[in-house]
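Below is one structure, written out as structure tokens; the observations come after it.
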Amino acid sequence: MRFFVTGGAGFIGSELVRHIINATSHEVFNADSLSYAGNLDSLESIENSERYQFLKLNICDYELLSDAINKFKPDFILHLAAESHVDRSIEGPDHFFTTNVFGTLNMLKASREYWDGLEGNKRKSFRFHHISTDEVYGDLGRGSKKKFDESSAYDPSSPYSASKASSDHSVRAWGRTYGLPIVISNCSNNYGPYQFPEKLIPNVIINAINNKPINIYGDGLQVRDWIYVSDHVEALLQIVLNSEPGETYNIGGNNEVTNIEVVNKICSLLDEEHSLSSLNSYKNLINFVEDRPGHDQRYAINSEKILKDLGWCPKENFDSGLKKTVRWYLDNSSWVERILSGEYKLHRIGLL
């Protein structure tokens, strides 16, 4: 089968592409604009596979996008291309709405045009899978025991989550109005190898091993549900291959942890595996800073539906996944160095 993946040079996208090539016999077309977070180094291990194609493509370019889809003739489209960092969305929301809303509009238009021309089993089995975030549901609030499920109302807090909420609504509208066989998944916080270091876990690891301050927003008691990236991509394949059109699935790791707990766990792992003679503990680098504007206090995902319908559940718990992640960044310093050789220097953005 043929998978057309957008954003396949990003963190989750590259994990998905590597998994399809390494664990199946399917073909992959990777369409990625190679923005600051896109990195072909993450695909070096599979770039020469006969079942893999790459095209530098911005989803805002409708003609190029439509042409690529029609030439590749995919069985499934998995749409991961997006701007995804909350801090960047606070500082520059326009780019988020251009990519996440209008880019998704192009994806829907091009996919519908392609699907309209299909016949038989290929038309019946085709799926457009839109990969989204739990942030569209907003903030559960500190101390809440509730969890987001597939019926939770949307209440986005940041420009990023607002742009993703808009794209989710657009995808559902194309399913209802035009009959496009869509599915949507909303996932909790991902972590693992190859993640761009603006995100919390790689940012902490890289700052710590370079003996730089580890900045914690506010009091660090914000709660997130964490999922190891390989678990997420296995869920994505289960959904796109086995779900009915119109379905939505929440994907969570069943790992609710406060930000300060995440940082302390990373520091403890680094103390064991990469001790610095100048520090008694990496925890001495922790530095509390001004909180993020509009910072959501808690996310939590109820994943019962995907377990019940598709039999998926995460394999990694947070401690096992975090240990693998820390080890990967320690063992792949050259990948990190290439990332930091560009414009991004681990600096903070997104303050008003």
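Here, each number is a calculation from the coordinates, and none is a lab measurement. Because the structure is predicted, anything quoted here is derived from the model rather than measured. All Cβ positions, glycine included, derive from the backbone under ideal geometry; neighbour counts span all protein chains shown.
Quick check: anything in the range 306-318 in a strand (DSSP E or B), of a type in the set (Val, Ile, Thr) and under 21 Å from the mean Cα position of the chain (by Cα)? Walk me through how you get there before you give the answer.
Within the range 306-318, the subset in a strand (DSSP E or B) is none.
Looking through the range 306-318, none of the residues is in a strand (DSSP E or B), of a type in the set (Val, Ile, Thr) and under 21 Å from the mean Cα position of the chain (by Cα).
Looking across the range 177-215, the residues that are more than 15 Å from the chain's Cα centre (by Cα), in contact (Cβ under 8 Å) with a residue 24 or more places away in the chain and farther than 17 Å from Lys345 by Cα come down to Tyr178, Leu180, Pro181, Ile182, Val183.
Does Lys109 qualify as being closer than 24 Å to Asp219 by Cα and in contact (Cβ under 8 Å) with a residue 40 or more places away in the chain? No; evaluated as a whole, the condition is false for this residue.
Among the criteria (1) free of Cβ contacts under 8 Å to residues at least 60 places away in the same chain; (2) more than 20 Å from Asp231 (Cα to Cα), the one Trp174 does not fulfil is (1).
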